Each structure stands twice: as structure tokens, then as C-alpha cells.
1. Could you list the residues of the range 43-62 with an amide nitrogen less than 18 Å from a label point located 7 Å from the Cα of Ser19 in the Cα-to-C-beta direction?
2. Measure off, as a whole percent, the carbon and sulfur share of the 1.4 Å-probe accessible area of the chain, all protein chains present.
3. Need one value: the accessible area of Asp62 in square angstrom, 1.4 angstrom probe, rounded to the nearest 10.
4. Please identify which residues in the range 57-92 have an amide N closer than 19 Å to a label point set 7 Å out from the Cα of Glu27, following the Cα→Cβ vector.
5. Enter the accessible area per residue of the chain (Å², integer; probe 1.4 Å; all protein chains in place).
Amino acid sequence: MSVLDSLPDRPLTDAELASFNRSDALEIAVDVADREGAGEGAIVGLLLATEDWVKGIVYDHDGWRVAETVPLGEGENERYEGMQTCESAVRAALD
């Protein structure tokens, strides 16, 4: 099952984001973009990370989609740089 298949057909709630952080499948799940009109506490842009990749994911009128994926290797700063890249992609996709 893909990451997108596990998401509801609506913005995430804070509780759902918290459950991703407790998941064994993900190492990091963080809200990176709030959009006006999405509703109080609605999460429409997030970063998800495993030990192998970071993905920037956005929710818009077409549903959830991947804005950017950065594969991770052995480099010391790869996760940090991957998260920055994906965050920028999420913010650009929602502008």
C-alpha cells in the first residue's frame, strides 16, 4: 500500500498526524503548511520520512499528492536537506 492510499480523502487532523508519529512505518510526520479555508486544525501539507526517503505531501481539490520525494543515503545531512527540499515543494504547491 502506498503512502497516499493510507490517507483519508480530506485534510488530516492533529490526532491523525500524531498517530503517524507513533507508527512503526514512519520515523517523522510533521505539518508544514496551513491553508486558509481548510478549516481549523486541518493539515494540508506535511512531510513524511522513513530511513530511506522523505516525501512532501499536499492536499488540494484533487486530493492528496506527492509534491516531492527525496531518497536518503548515508550522508550526514541528507535527512535535513531532504526535509528542506520537500518543505519548499509543499509550500510552492500550495501557493
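The values are calculated or read from the model by the stated rules, or taken from the named source; none is laboratory data. This structure is a prediction, so every number in the text was calculated from the model and none was measured. Counting neighbours? That spans all protein chains shown, and the Cβs are built from the backbone with ideal geometry, glycine included. The protein model used for the area step is the full one, side chains on, heavy atoms only, and it has no ligands, DNA or RNA in it. Shrake-Rupley method; radii C 1.70, N 1.55, O 1.52, S 1.80 Å.
1. Those under the cut-off are 43-49.
2. Whole-percent figure for carbon plus sulfur exposure: 46.
3. Counting only protein heavy atoms, Asp62 exposes about 120 Å² to solvent.
4. 57, 68-88
5. Ligands and nucleic acids excluded, the figure is 60 Å² per residue.
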